[in-house]
Amino acid sequence: MAESLRHKPYVRFVDPVTGPHDVIAVLDGWDNGGQCFKTLMDIQQTEGVRYVTACYAIRPQFGNGNGTEK
């Protein structure tokens, strides 16, 4: 399953892990146009994937651009 996820758009890396999840995939380039959301939907439909949990990283450089972000 991890190998098939590596070739999806926006997927930066995929690692098999131990614990409650089998694989963690990091996607880069979230966009307002929905392309990354489509990749999440594609991942969810990949054989062997039962559920997807999406966690979003909040980066200050994507703030309002006035330099006041910390």
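The values are calculated or read from the model by the stated rules, or taken from the named source; none is laboratory data. All of these numbers come straight from a predicted model, not from anything done at the bench. Cβ: placed from backbone, ideal geometry, glycine included. Neighbour counts: every protein chain shown.
Return the total of residues in segment 1-22 being of a type outside the set (A, V, I, L, M, F, W, C) and surrounded by 15 or more Cβ atoms within 10 Å (Cβ to Cβ). Full working, then the answer.
The initial filter retains those residues of segment 1-22 that are of a type outside the set (A, V, I, L, M, F, W, C), namely 3-4, 6-10, 12, 15-16, 18-22.
Subsequent filtering for residues that are surrounded by 15 or more Cβ atoms within 10 Å (Cβ to Cβ) retains 8, 10.
Summing the residues that are of a type outside the set (A, V, I, L, M, F, W, C) and surrounded by 15 or more Cβ atoms within 10 Å (Cβ to Cβ) in segment 1-22 gives 2.
Could you please find all residues in segment 35-70 being assigned to a loop (DSSP other than H, G, I, E, B), modelled with pLDDT under 85 and among the hydroxyl-bearing types (Ser, Thr, Tyr)?
Of everything in segment 35-70, those that are assigned to a loop (DSSP other than H, G, I, E, B), modelled with pLDDT under 85 and among the hydroxyl-bearing types (Ser, Thr, Tyr) turn out to be 56, 68.
Condition test on residue 25, is it modelled with pLDDT of 75 or more, within 9 Å of the chain's Cα centre (by Cα), surrounded by 11 or more Cβ atoms within 10 Å (Cβ to Cβ) and assigned to a strand (DSSP E or B)? Outline the logic, then answer.
Details: modelled with pLDDT of 75 or more: yes; within 9 Å of the chain's Cα centre (by Cα): yes; surrounded by 11 or more Cβ atoms within 10 Å (Cβ to Cβ): yes; assigned to a strand (DSSP E or B): yes.
Here the answer is yes, as residue 25 does meet what is asked.
Return the residue satisfying two criteria in turn: it lies in segment 39-48 and is in contact (Cβ under 8 Å) with a residue 24 or more places away in the chain and closer than 13 Å to residue 11 by Cβ, and of such residues it is surrounded by the fewest Cβ atoms within 10 Å (Cβ to Cβ). Let's see the steps before the verdict.
Start the filter on segment 39-48 by keeping residues that are in contact (Cβ under 8 Å) with a residue 24 or more places away in the chain, which leaves 39, 42-43, 46-48.
When the remaining residues are screened for being closer than 13 Å to residue 11 by Cβ, the result is 39, 42-43, 46.
Numbers: 39: 19, 42: 15, 43: 21, 46: 12.
Checked segment 39-48; the qualifying residue surrounded by the fewest Cβ atoms within 10 Å (Cβ to Cβ) is 46.
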